[in-house]
Amino acid sequence: MLLSLDRPYDFGLSMRVIRSFGPDRAGQADRLRFAARIHGVPTLVEVSPVPGKAGAVRVSSSPRANPSQLRRAVEWVLVAELPLRPFYRLARKDPRLSAIVRRLHGLKPSRPLSLFEMAVTAITEQQISLAAAHGVRTCLVERFGTRVQDQWLFPEPEVLAKATTSQLLAYGLSHMKAEYIRKLAAKVTDGTFDFEALKTMSDEQARETIMGLKGFGRWSADYILVRGLARPDSVPEDDLGIRSVIGEYLGQGKRLSALGVARKLEPLRPYRGLVAFYLLAAHRLNIARQGI
């Protein structure tokens, strides 16, 4: 199946940047493989670019999946609904940001297949390094998830809801994080929390709703908003990495305070979160400030 995505979109660049945030920094940038449950069936999905056709990708699955459901899964993971042109028009007004955008033209983020997985990811990344959090999630998924060839389906909420705290502690989670995950999974399983409802809420409504969950503060809520819900104006201003890259590229080269980040990004509404993502990508790809 061929899928045409709104241009500009550079699939290879996007995959290279996303891999730069994980342990597989040398992985293949010419394809994306992930496991999905499509119409209840564990399915391996593969996405690759179509040579000579900008913005087009080829999608296949094993076993063969319903085309419309397969399309929805791929469009969700690749954040197909996020337009880049309005962001680029705004970026041109800032010479420093404009230079970064030229180097990263067509870059889009990607996201987990479900908001539940995104929320668990946010919990695991609280106050530890990305590498350490990835290791914890890998253990968690391989213990409670479902293997689909060389990929893993993230554990269903009902599976994690039934897990004991001691079981979760065995895979690298702290006691608090294990309890946060169990309670979140239980709320999703019994229907007292619906992640789908977040999709129709305003940024502020969604943020407040997420922060009403045990274990989710402002950082986690904004992280879920910008990465999981693809809200381009949301940014975790107190994140150390973001404070560093905003200072590196838009400041004087030194890490800013959360307030300093807010001030630097204020003129870039409604794309503050997307700006932060581009600057994080520039840092990961070693695009030097003095070289722009």
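Taken together, the values in this text are just the output of simple stated rules run on the coordinates, not laboratory data. This is a predicted model, so every value here is computed, not measured. Heads up, the Cβs are rebuilt from the backbone with ideal geometry, glycines too, and the neighbour counts pull from every protein chain shown.
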| said: Using the crude model of +1 on Lys and Arg Cβ and -1 on Asp and Glu Cβ, and no other charge, please compute the dipole size for region 115-228 relative to its Cα centre, in debye to 20. | reply: 320 debye
| Distance (nanometres) between label positions extended 7 Å along Cα→Cβ at residue 238 and residue 258 | 0.3 nm
| task | Grab the beta carbon distance between residue 179 and residue 129, set R0 = 22 Å, and tell me the FRET efficiency rounded to 0.05. | result | 0.50
| task | Using a cut-off of 15 Å between beta-carbons, work out the net charge of the residues near residue 205 (Lys and Arg +1, Asp and Glu -1, residue 205 not included). | result | -3
| note | Between residue 81 and residue 269, the two model label points (7 Å from Cα along the beta-carbon direction) sit apart by a distance in nm of 2.2 nm
| Can you give the helix-only mean residue ellipticity at 222 nm for the chain, where every DSSP H stretch with n ≥ 4 adds -39500 (n - 2.57) and the sum goes over all residues, rounded to the nearest 500 deg cm²/dmol? | -13500 deg cm²/dmol
| note | Counting lysine pairs in the chain that sit 8 or more positions apart or on different chains, with Cα atoms under 21 Å apart, gives 15
| field | Extended-chain gain in nm, criterion 0.36 nm per residue less alpha-carbon gap, residue 142 and residue 46 | value | 32.5 nm
| request: Evaluate E = 1/(1 + (r/R0)^6) for residue 4 and residue 102, where r is the Cβ-Cβ distance and R0 equals 22 Å; express this FRET efficiency to the nearest 0.05. | output: 0.40
| task | With θ set to phi - 60°, apply the Karplus curve 6.51 cos²θ - 1.76 cosθ + 1.60 along region 80-96 and write out the HN-Hα couplings as whole Hz, x wherever there is a Gly or Pro. | result | 5, 7, 8, x, 9, 4, x, 5, 5, 4, 5, 5, 5, 6, 10, x, 5
| request: Would you kindly state the longest site-free stretch of the chain, with sites defined as trypsin sites (Lys or Arg not before Pro) in a DSSP loop (not H, G, I, E, B) surrounded by at most 12 other Cβ atoms within 10 Å? | output: 94-213
| request: With an 8 Å cut-off on Cα pairs and a minimum separation of 6 or more residues, tell me the relative contact order of region 115-228 in percent. | output: 28 percent
| field | Fully extended contour minus Cα-Cα distance, from residue 56 to residue 39, at 0.36 nm per residue | value | 3.6 nm
| message | Quick check: the distance between the Cα centres of region 144-218 and region 78-142, to the nearest angstrom? | response | 19 Å
| request: For region 2-81, give the magnitude of the charge dipole about the Cα centre (Cβ charges: +1 Lys/Arg, -1 Asp/Glu; no others), in debye to the nearest 20. | output: 160 debye
| field | Global form of region 50-150, assessed from the alpha-carbon gyration tensor, a/c cut-off 1.5 | value | oblate
| task | Calculate one ³J(HN,Hα) per residue across region 279-285 by plugging θ = phi - 60° into the Karplus curve 6.51 cos²θ - 1.76 cosθ + 1.60, and present them in order as whole Hz with x for glycine and proline. | result | 6, 4, 5, 4, 5, 5, 8
| Cα gyration tensor, region 2-81 - rounded (a/c under 1.5), prolate or oblate | oblate
| note | Length gained, residue 149-residue 200, 0.36 nm per residue minus C-alpha separation, equals 14.9 nm
| Given a cut-off of under 8 Å on Cα pairs at least six residues apart, what relative contact order in percent is computed for the chain? | 16 percent
